[in-house]
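Okay, structure first, notes after.
Just so it is clear, none of the values below were taken in a lab; they were calculated from the coordinates. These figures come from a predicted structure and were not determined experimentally. Cβ placement follows ideal geometry from the backbone for every residue including glycine, while neighbour counts extend to all protein chains displayed.
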Amino acid sequence: MNMSHFQEKLLYLKWKKNKLNNNTYLKINLKNLVANFLFLKSKISDTTKFLAVVKAFGYGSNSIQIAKCLEKHSIDYLAVAYTSEAIQLRENAIKIPILVLHPQIGDFDDIFQYDLEPNIYSFKILNEFINYKSINHNQAIHLKFNTGLNRLGFKYSDINTLCGIITSNNINIKYIFSHLGASEDLSEIQFTESQIKLFEKISEDMEKKLNRRIDKHLLNTSGILNFSDYQYNMVRSGIGLYGFGNDYNYKSNLKPVVSLISTISQIHEIKEGESVGYNRGFIADKNTIVGIVPIGHADGISRALGNRKGKLLVNNIPCDIIGNVCMDMLMIDISSVDCSEGDEVIVFDEEKQTAEDFSKYSDTISYEILTSISQRIRRTYLSD
């Protein structure tokens, strides 16, 4: 056996092993990612920058591949929740600016080392930043104000004290920003408008006291779609890039990026009165054909979806999840489906049953479904 044939044999065996052990996979459609980016970008001015949120492993997909794809397509900025996420991007050759939305005490050594832009949201974090500022006197920050979401951010009443500290320490504020709490809900338009009004007042007072213009960002995905007049200098999008816009009117414009696919490992026929799974969660009231699917709650499928609350698709036919979802597998009722061991099972995909559709079974949202997907699930990519 020559070396090339030997190498081919090794590659085949490796492929076969992966095929046997990883029949559950997450397909990431980078073409759809780019299409979503271009659609959202069409809603803003050519001069407005665009920030992509890639936190939580890129909403459960792969933050590195998402970031590389968007960087190639000239995205202006990235954002993550935590410093460790940003470091991973930098160590994988991502060069564009990265905003860290929730830096912690003790992070600033890394923030300076990896050239990251921190969100400064409290006096404690501001003082920590100042302690490290000697590393880079011109280090840029984003200053966050709380306009009604009541999570992170300075209050309007903090402005005088804040401006005094900023001036005396010569701090480089690159952006002022805030976060809308209900921009997707047009029944809450009065609340959103009150947030925008307060943000404009904060911005005006900050610029007056610091005697300079400061760039701003406020809009999230739903803000881009519903309140584009307030795009300021940059907009942010997370869930929209992954194909969901919290607005039915834009459902046809945004394309889901990920599909979670599995297979039928084994088929059983059980008799009336027999049970399936732990704690006899399902007891057959008639003869039932059961398919075993190699995905479980360790992979992000909630136990709440068992006992006929959730459905998976086999040959485009919805099949109830029966019994209790196990750690590494679940069981579905395939009595009405013509199928075989090895056939494909769709948990969610781009069209037939999206992550948003799947989320309704457990009364949650697409965000939670996407970000719950285990890292042990193999990722595959459809190139952009």
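Hey, quick one: spin label on Glu368, modelled 7 Å out along Cα-Cβ, who in the stretch 265-309 has an amide N within reach, i.e. under 13 Å?
301-305
Could you pull out the pairs from Lys144/Lys201; Lys174/Lys209; Lys49/Lys72; Lys31/Lys251; Lys144/Lys197; Lys72/Lys174 whose alpha carbons sit more than 19 Å apart here?
Violating the 19 Å limit, Cα to Cα: Lys72/Lys174.
For Tyr381, enumerate residues with amide H under 5 Å from its amide H, sequence gap 5+ or separate chain, H modeled in the peptide plane.
Ile28
Can you sort Thr48, Thr380 so the residue with the fewest Cβ neighbours within 10 Å comes first? List each step's numbers first, then the result.
Numbers: Thr48 18, Thr380 12.
Lowest to highest Cβ neighbour count: Thr380, Thr48.
Taking Rh as the Kirkwood radius computed over C-alpha pairs, what is the Stokes-Einstein D of the stretch 30-244 at 20 °C in a medium of viscosity 1.002 mPa s, expressed in µm² per second?
Taking Rh from Cα pairs, D becomes 122 µm²/s.
Listed highest first by mean packing, meaning other Cβ atoms within 10 Å per residue, what order do 211-221, 261-271 come in?
Highest mean packing first, the order is 211-221, 261-271.
One quarter of the convex hull surface, Cα atoms only: what value does that give for the stretch 80-171 in nm²?
Hull-based average projected area comes out at 5.9 nm².
I'd like the distance between the alpha-carbon centres of the stretch 290-331 and the stretch 201-223, rounded to an integer number of Å.
Each part's Cα centre sits 48 Å from the other's.
Once both axes come from the Cα atoms, what is the angle between helix 189-210 and the longest principal axis of the chain, in degrees from 0 to 90, rounded to 10?
40
Give me the one-decimal nm value for the distance between modelled label points at Glu274 and Ser252, 7 Å along each residue's Cα-to-Cβ direction.
Distance between the two pseudo-spin positions: 4.8 nm.
Largest first and in whole Å, what are the equivalent-ellipsoid semi-axes of the stretch 258-382 based on the Cα gyration tensor, each being the root of 5 times an eigenvalue?
23, 16, 13
Work out how much length Thr167 to Leu382 would gain on full extension: take 0.36 nm times their residue separation and subtract the Cα-Cα distance, in nm to one decimal.
Length gained, Thr167 through Leu382: 72.5 nm.
Can you give the angle from 0 to 90° between the axis of helix 30-41 and the longest principal axis of the chain, with both taken from C-alpha atoms, to the nearest 10?
40
Please give the length that would be gained between Asn307 and Asp109 if that part of the chain were fully extended, namely 0.36 nm times their separation in residues minus their C-alpha to C-alpha distance (nm, one decimal).
Length gained, Asn307 through Asp109: 66.3 nm.
So who's got an amide H within less than 5 Å of the one on Val53, skipping anything under 5 residues away but keeping other chains? H placed 1.01 Å off N, in plane.
Ala79, Ser237, Gly238
Name the residues whose placed amide hydrogens come within less than 5 Å of the amide hydrogen of Ile120, ignoring near sequence neighbours (fewer than 5 apart) on the same chain.
His142, Leu143, Lys144
On a 0 to 90° scale, report how tilted helix 3-21 is relative to the longest principal axis of the chain, with both axes built from alpha carbons and the result rounded to the nearest 10.
Its long axis makes an angle of about 90 degrees.
Taking the chain as a Gaussian network, Cα atoms linked when under 10 Å apart, which of Asn279, Asn253, Asn172 shows the biggest mean-square fluctuation?
Asn279
Show me, bin by bin at 5 Å from 0, the whole-percent P(r) of the stretch 220-328 based on Cα pairs.
Bins of 5 Å from zero give 2, 10, 16, 16, 13, 10, 8, 9, 8, 4, 3, 2, 1 percent of pairs.
Among Ser302, Gly291, Ser359, flag the residue with its Cα farthest along the positive direction of the charge dipole of the stretch 258-382, charges on Cβ as +1 for Lys/Arg and -1 for Asp/Glu.
Ser302
Take the alpha carbon atoms of the stretch 43-108, find their center, do the same for the stretch 339-382, and report the distance between the two centers in whole angstrom.
Using only Cα atoms, the two centres lie 24 Å from each other.
For the stretch 371-384, what does the Karplus curve 6.51 cos²θ - 1.76 cosθ + 1.60, with θ = phi - 60°, yield as ³J(HN,Hα) per residue in whole Hz, taken in order and with x for Gly and Pro?
After applying 6.51 cos²θ - 1.76 cosθ + 1.60, I find 7, 8, 5, 4, 6, 7, 6, 5, 9, 10, 10, 9, 4, 7 Hz.
Within the stretch 213-236, whose backbone N sits under 20 Å from a point 7 Å along Cα→Cβ of Ser74?
Zone members listed by number: 232-236.
Note down the nm distance, to one decimal, between modelled labels 7 Å out along Cα→Cβ at Ala93 and at Leu186.
4.6
If I take R0 = 51 Å and measure r between the Cβ atoms of Ser265 and Ala140 in this structure, what FRET efficiency does the formula 1/(1 + (r/R0)^6) give, to the nearest 0.05?
0.50
Taking the Cβ of Lys216 as the centre, find all other residues whose Cβ is under 12 Å away and add up their charges (Lys, Arg: +1; Asp, Glu: -1).
Local net charge: +1.
Could I get the Rg over Rh figure for the stretch 139-264? Both from C-alpha atoms, Rh via Kirkwood, rounded to two places.
1.08
If the limit is 22 Å between Cα atoms, which of Lys43/Lys95; Lys27/Lys352; Lys55/Lys133 go over it?
Flagged as over cut-off: Lys43/Lys95; Lys55/Lys133.
Can you tell me the Rg and the Dmax, both Å, for the Cα atoms in the chain?
Final numbers for Rg and Dmax: 24.6, 79 Å.
Using a Gaussian network for the chain with springs between C-alpha atoms less than 10 Å apart, which of these wobbles most: His179, His142, His73?
His73
Ordered by residue, what ³J(HN,Hα) values in Hz, to whole numbers, does the stretch 312-325 give under the Karplus form 6.51 cos²θ - 1.76 cosθ + 1.60, where θ = phi - 60° and Gly and Pro are x?
10, 9, 10, 6, 6, 9, x, 10, 5, 6, 10, x, 8, 4
How long is the stretch 253-317 along each principal axis, judged by its Cα atoms, biggest number first, in Å?
Largest first, the stretch 253-317 extends 48, 24, 20 Å along its Cα principal axes.
Which ³J(HN,Hα) values, rounded to whole Hz and listed in residue order, are derived for the stretch 251-263 from phi using the Karplus coefficients 6.51, -1.76 and 1.60 in 6.51 cos²θ - 1.76 cosθ + 1.60 with θ = phi - 60°, glycine and proline given as x?
Ordered by residue, 3J(HN,Hα) equals 4, 6, 8, 9, 10, x, 8, 10, 10, 10, 10, 9, 8 Hz.
Just want the answer: with Cβ charges of +1 for Lys and Arg and -1 for Asp and Glu, which residue in Val235, Gly273, Asn32 is farthest toward the dipole's positive end in the chain?
Of the options given, the answer is Val235.
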